[in-house]
Each structure stands twice: as C-alpha cells, then as structure tokens.
Amino acid sequence: MTGIERRAARLWRIRVPGALLSGTAVTVRLDASETDARMWVAVGAGHRRLPLSVPEAWAVFKLLGEALDVTGDPPEFVRTPVTPTSK
C-alpha cells in the first residue's frame, strides 16, 4: 500500500446547495491501516454509504471527471478547498 499511512479515519464533506434548507451533504471517509485502506462515499442523510477500495475510488474519480468534463465549468461551491477532519 503506497502513499497511505496508518491514521485515524478522515472525513471530507461538502454541502451541495439545493432546495432543502441546508443542501445535501456529500461525505468521503478514508480508513487506513497498515495493510488496507477503505473508502466510503455517502450522499445525503442516513446510512446510504458506498464502500470502495482505493483502486475502485480512483476508477470512480476518473469516470466522473471524464463525464463532468462535458457538462461545462464547475459550480462555484466546488472551488473552495475542503479540509479533512478526524473522526
């Protein structure tokens, strides 16, 4: 496992502006151990989480990037840096 060191779970979260009062939360969680790393993507409230291995997360990142490239410029809310927090 290259580039990942053992640490407490880290969370990245961004709110998508929308019709709801506070928008929709999109959260990515990274759990890394000495031998494995897992990621989860959650959209909205509740327990809807998609577990991903690191290679699967890279594949999703690549495919979303390619698909979003044809939709035009990114919205303003994604231009703000997101700082991870520890769980």
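Structure values in brief
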{"quantity": "Criterion violated by Ser33 - all others in (1) in contact with a strand residue (DSSP E or B) (Cβ under 7 Å, 6 or more places away or on another chain); (2) surrounded by 12 or more Cβ atoms within 10 Å (Cβ to Cβ); (3) on the phi < 0 side of the Ramachandran plot satisfied", "calculated": "(1)"}
{"quantity": "So Val60, is it among the β-branched types (Val, Ile, Thr) and closer than 15 Å to Ile14 by Cβ", "calculated": "no"}
{"quantity": "Tally of residues being of a type outside the set (Lys, Arg), modelled with pLDDT of 85 or more and more than 10 Å from the chain's Cα centre (by Cα) across segment 2-52", "calculated": "11"}
{"quantity": "Residue that is farthest from Ala25 (Cα to Cα), among those in segment 48-87 that are surrounded by fewer than 10 Cβ atoms within 10 Å (Cβ to Cβ) and β-branched (Val, Ile, Thr)", "calculated": "Val70"}
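The values are calculated or read from the model by the stated rules, or taken from the named source; none is laboratory data. In this text, all values refer to a predicted model and were calculated from it rather than measured experimentally. Glycine gets a Cβ as well: all are built from the backbone with ideal geometry, and neighbour counts include every protein chain shown.
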